[in-house]
Amino acid sequence: MTRLDVRKTYKLYIGGEFPRSESGRSYIVNDAKGNLMANAAQASRKDARDAVTAARRAFPGWSSKTAYNRAQVVYRIAEVLEGRRDQFVAELRAAEGVTEAKARTYVDAAIDRLVWYAGWADKIGQVVGNANPVAGPYFNLSTPEPSGVVAVVAPRGPLLGLISVVAPLIVTGNTVVVIASEAFPLTAITLGEVMATSDLPGGVVNVLTGSVAEIAPWLASHMDVNGLDLTGVADSDLATSLEAAGAENLKRILRPPLAPIDWLEEPDLSRMTTFLETKTVWHPIGL
Amino acid sequence: MDQVGAEARAASLGTRSIKTTAKAYAIDLAIRMVDLTTLEGMDTAGKVRALAAKAMRPDPADPTCPATAAVCVYPDMVATAKQVLGSSGVNVAAVATAFPSGRAALDIKLADTRDAVEAGADEIDMVIDRGAFLSGHYLRVFEEIVAVREACGPAHLKVIFETGELQTYDNVRRASWLAMMAGGHFIKTSTGKVQPAATLPVTMIMLEAVRDFREATGQMIGVKPAGGIRTSKDAIKYLVMVNEVAGPDWLDPDWFRFGASTLLNDLLMQRTKMTTGRYSGPDYFTLD
Amino acid sequence: MMVSTSSTSGRTNSTGERTSSTNRAFEYAPAPESRSIVDIKPSYGLFINGEFVDGTGTSFKTINPASEEVLAEISEASEADVDLAVKAARRAYTRVWSKLSGAERAKYLYRIARIIQERGRELAVLESIDNGKPIKESRDVDIPIVAAHFFYYAGWADKLSHAGYGTTPLGVAGQVIPWNFPLLMLAWKIAPALACGNTVVLKPAETTPLTALLFAEICQQADLPPGVVNIVTGAGDTGRALVSHPDVDKVAFTGSTDVGRHIAKAVAGSRKKVTLELGGKAANIVFDDAALDQAVEGIVNGIFFNQGHVCCAGSRLLVQESVADEVMEKLKRRMSTLRVGDPLDKNTDIGAINSAEQLAKIRELSDIGEAEGSERWSPACELPTTGFWFPPTVFTGVSQAHRIAREEIFGPVLSVLTFRTPAEAVEKANNTPFGLSAGVWTEKGSRILWMANQLRAGVVWANTFNKFDPTSPFGGYKESGYGREGGRHGLEAYLKVESQR
């Protein structure tokens, strides 16, 4: 007699916890074969608002940790993800219908991507910061600082794209509200479980699942969000209106890519530098 | 004052490992240094009587346990406390001068002080005018302390800075010198009503000040951290700091006090563990 | 030195006079860290090609300098042994390590970093036993920075294209390290070398081989490919064989200026790339507007941390004449609370001198200091009867012409000189063939920056001292050596930067 499994409820990941949507809504997520996998929470604008509050609350602590500390936390996320490799491979296979080998490639790449970004935490400042040789007796230093709360529309796909847009933000000290891929939301919440058990403070990453078209505009117009990553917005009209909405408080915007991104390739530095402010400090040199 | 350097030194002193005989010595000394405190709007005679009884006999199961240095109450509770404590050797300290805010006219603050002294307070814990301090009116702060000292008569004066409001170590150092020169017997960190209250670095700054004051004048002044010291481990860190920063002369209830309430039971629990070898639990110690 | 006091204090009367009552002093009971966590073998071989093998040379003993107890027998690697090790490193480089991607090299280094964290207590205890430094320091300073160093450079292994020095490694690195921070110096050498794609043969100091040998075990635990890291123990001859081996592409040395000079001569005419981190006689400059209590901490930390066995130690205190008396008084009082004793006692501040040889040097120079006319002072100290010990010592009335102001003592001995103006402080600070570090204590920001500009030193600490971080480049000017360790700049030493190589 086969054992009945205990099925998981997929909720949102906000403030380090897993609340249901305040709207009480959910939507059906099918696997690659069209069979029911689970009901995912369908986030509302109020959930988005709460996520921004959580991200803002987490920002002072997260951004003032040493870079070394942030790196250690992100390595830990990679470690825990590595430990759950088989689970994620299974989830990818079910969701996308890919082969075991392909699923492994993507999961391994996701883990390695985390490790790559972790190593940037205490180096990005050395690459994009420097002293400036001004023409006068002044000490002058430029250093990068995180912008604040960044809202992200994750690219299509269950895992690698999601990690590739979230990791660069958190290693630099920003905090994140990310709308997971609408078609592949479940792995995003499982990833939330990984983060919740990895010493990542609550609120540093907040994951919403649901309709991008419904939720994104609320994040794009939110006056306490400092940056907007539109990578996963496929509809160009939507992307334009989101960018225009973001202009109200001059959010730093990363536009959708012109061509599909191969997430397996090593990224450039722009996902970090777009959401870094450069602070330049002067001080006289004299007796 | 360099903040980073000062905090590093305080933290480094916190890594001293105090075990066995040293720990037993420190725990008993800490108990003897406690000003057992209740400063609540809902204080009643009953509450104060219970507190005073506990101060005299912190551990009813163990008569070798020393009494605390004092109890600390509002001025209108002094007489009640005095009734219970009598000539037990446990002092009555009263907060005064419109504690905790200090926001009242000077004559009212002096009347508050005299009232407490007349009721029998052995010690007065006053608050400085932080508004005057932060707006740079140091002379006014100084003169108020002088006036309160006079109103104290025979009672000893502790001067509370409310370090959480002064915020910088430079301010705390400045306030320390002001208070010592104005005649305070003790300088005290906090009212316990504002966070942060006592911290190791802030107390270290004050210990350096009393050390330097003795160097300059020959006179010893006491130090009292108050608020936020909850565990024996914390208390022992403070004693290490007293020992290495001001010097062993200050390791005495006459020169160092802890303003605390929950600390006492943790000290008793640790004391019991040292004598019995077993970890203890809250059921074995009286709540008041 | 902490001594028990029977002071009198008690109730004050209204004029502040003290009436007497007894006061027991606060004596810290012994708080020993347990030795049981370490498992020291009676003898060790060499670590070549991923295995421990017997050396073909003689052997020598390593001792615990706090007690003179013999800890283990160590192999003295012969020239043939060194040759084997270099061959192993070359094979590993050509066949394995140079073929790995940066991301894979990174993962090995992360593994090593992780294991160092996991075995942190064991490493700290072993370091204190072999070197003599207090457990408080090995536990709270040495080992955490060692792990952080491996983490930091692991992160560079797959990002070299962003560092500005190219991405081509040099090949095989021969590395010789000193005894003052054994495992930390090993980390400073091996982490960047491996991150950049090189393989290494490293010789630890003869008085402190044990943590390097435990590190070899850690490499095995991390499944590091054999030959990537090789450890050859030995003394001067082994070191000479290593740096002059024709198949070594890169030489890295930390140690005395004298030996550094010999190495620089020996590699002349070869194509070996060299970096040297040598001695120092750093000036710690205190102005009259300094935060004096913190400055005193910085002075104490600068010269008594690690028993003064620090190349960048603040061994010359340059104090502004207007505050000299006040600073000396505070300093002496602070020195009286330093605890000298058993390195494994958690309350010890100053441990043992590393060797009889070093103790003799410190004594000799201290006697010279007295003979030269300076005034010598140490707090009262009860020193153990076995082992190598020297109390924290300060010489006042020192001038630039004195030997103790010019020569590196490498012990807990401070020479105090005075100055009148910032320009004079700079002059005196720079008036030395060394140039490793300097300290500046003043609350005035513009003066800090002006002094930093003028001081000919590779590291300037302002309102702090002896601060190290894997992200922060470290190294000297002039006869303190050349090359930097730490930070992005630390990569340069291990990559093919010049176009003609």
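The values are calculated or read from the model by the stated rules, or taken from the named source; none is laboratory data. Only a predicted model underlies this, so the values are computations on that prediction, with no experimental measurement involved. Here Cβ is always computed from backbone atoms with ideal geometry, including for glycine, and neighbour counts include all displayed protein chains. Note: accessible area is taken over every heavy atom of the protein model, side chains too, but ligands, DNA and RNA are not part of it. Shrake-Rupley method; radii C 1.70, N 1.55, O 1.52, S 1.80 Å.
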In the range A:245-287, anything surrounded by 11 or more Cβ atoms within 10 Å (Cβ to Cβ), more than 14 Å from every other protein chain (Cβ to nearest Cβ) and small (G, A, S) is listed as A:A245, A:G246, A:A247
Under 9 Å by Cβ, and 6 or more places apart or on different chains, what pairs join a residue from the range A:268-287 that is at pLDDT below 95 with one that is surrounded by fewer than 16 Cβ atoms within 10 Å (Cβ to Cβ) and β-branched (V, I, T)?
-> A:L287/C:T421
Residues in the range B:23-31: is at least one away from chain C (no Cβ under 14 Å), without any contact (Cβ under 8 Å) to a residue 60 or more places away in the chain, within 20 Å of B:A69 (Cβ to Cβ) and open to solvent by less than 20 Å² (accessible area, probe 1.4 Å)?
-> no
Answer yes or no as to whether A:W218 is modelled with pLDDT of 95 or more and open to solvent by 50 Å² or more (accessible area, probe 1.4 Å).
-> yes
Select, from C:A457, C:A429, the only residue that is outside the structural domain of C:D142 (by TED's automatic domain parsing), touching a strand residue (DSSP E or B) at 6+ places or on another chain (Cβ under 8 Å), surrounded by 22 or more Cβ atoms within 10 Å (Cβ to Cβ) and assigned to a loop (DSSP other than H, G, I, E, B).
-> C:A457
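Can you go through C:A429, C:A452, C:A457 and tell me which one is among the aliphatic types (A, V, I, L, M), within 21 Å of A:P284 (Cβ to Cβ) and modelled with pLDDT of 95 or more? Please lay out each step first, then the result.
Numbers: C:A429 fails: within 21 Å of A:P284 (Cβ to Cβ); C:A457 fails: within 21 Å of A:P284 (Cβ to Cβ).
Just a single option satisfies the conditions, and that option is C:A452.
Of everything in the range A:235-244 that's part of a helix (DSSP H, G or I) and surrounded by 11 or more Cβ atoms within 10 Å (Cβ to Cβ), which residue is farthest from the other protein chains (Cβ to nearest Cβ)? Steps first, please.
Pass one, the range A:235-244, residues part of a helix (DSSP H, G or I): A:236-244.
From what is left, the residues that are surrounded by 11 or more Cβ atoms within 10 Å (Cβ to Cβ) are A:238-244.
Working: A:L238: 34, A:A239: 30, A:T240: 33, A:S241: 36, A:L242: 31, A:E243: 29, A:A244: 34 Å.
Once the filter is applied, the top-ranked residue is A:S241.
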Count of residues meeting criterion [within 10 Å of another protein chain (Cβ to nearest Cβ) and more than 17 Å from the chain's Cα centre (by Cα)] in the range A:78-118 = 1
Could you figure out which of (1) within 27 Å of B:R49 (Cα to Cα); (2) surrounded by fewer than 20 Cβ atoms within 10 Å (Cβ to Cβ); (3) among the polar types (S, T, N, Q) isn't true of B:S135?
-> (1)
Do we find that B:G46 is away from every other protein chain (no Cβ under 14 Å) and either surrounded by 15 or more Cβ atoms within 10 Å (Cβ to Cβ) or in a helix (DSSP H, G or I) (or both) in this structure?
-> yes
Inter-residue pairs, beta-carbon under 8 Å, first polar (S, T, N, Q) and in the range C:363-381, second open to solvent by 70 Å² or more (accessible area, probe 1.4 Å), 6+ apart | C:S366/C:R376
May I ask you to list the residues in the range B:183-201 that are closer than 8 Å to B:G227 by Cα and in contact with a helix residue (DSSP H, G or I) (Cβ under 7 Å, 6 or more places away or on another chain)?
-> B:S190, B:A197
Listed by first then second residue, the pairs whose first member lies in the range A:111-123 and is open to solvent by 10 Å² or more (accessible area, probe 1.4 Å), whose partner is among the hydrophobic types (A, V, I, L, M, F, W, C) and outside any helix (DSSP H, G or I), with beta carbons under 9 Å and at least 6 positions apart or on separate chains, are A:R113/A:W263
Can you spot a residue in the range C:145-165 that is under 30 Å from C:P384 (Cβ atoms) and open to solvent by 10 Å² or more (accessible area, probe 1.4 Å)?
-> yes
Check A:D47, A:D122, A:D86 and return the single one that is touching an Asp or Glu at 6+ places or on another chain (Cβ under 7 Å) and charged (D, E, K, R).
-> A:D47
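Report the residue count in the range C:33-52 for those that are surrounded by 15 or more Cβ atoms within 10 Å (Cβ to Cβ) and either within 14 Å of chain B (Cβ to nearest Cβ) or of a type outside the set (F, W, Y) (or both). Break it down into steps so the answer makes sense when it comes.
The initial filter retains those residues of the range C:33-52 that are surrounded by 15 or more Cβ atoms within 10 Å (Cβ to Cβ), namely C:33, C:38, C:40, C:44-50, C:52.
Now drop any that are not either within 14 Å of chain B (Cβ to nearest Cβ) or of a type outside the set (F, W, Y) (or both), which leaves C:33, C:38, C:40, C:45-46, C:48-50.
Selection size over the range C:33-52: 8.
Condition first: among the basic types (K, R) and either over 23 Å from B:G259 (Cβ atoms) or in contact (Cβ under 8 Å) with a residue 40 or more places away in the chain (or both). Now tell me which residues in the range B:133-167 satisfy that. Talk me through it step by step, then tell me what you get.
Taking the range B:133-167 as the starting set, the residues that turn out to be among the basic types (K, R) are B:140, B:149, B:158.
Residues satisfying the conditions are B:R140, B:K158.
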Tell me which of these B:M274 doesn't satisfy, since it passes every other one: (1) free of Cβ contacts under 8 Å to residues at least 12 places away in the same chain; (2) open to solvent by 30 Å² or more (accessible area, probe 1.4 Å); (3) not hydroxyl-bearing (S, T, Y).
-> (1)
Output the residues belonging to the range B:216-253 that are more than 13 Å from chain C (Cβ to nearest Cβ) and either open to solvent by less than 10 Å² (accessible area, probe 1.4 Å) or in contact with a Lys or Arg (Cβ under 6 Å, 6 or more places away or on another chain) (or both).
-> B:V223, B:K224, B:P225, B:A226, B:I229, B:S232
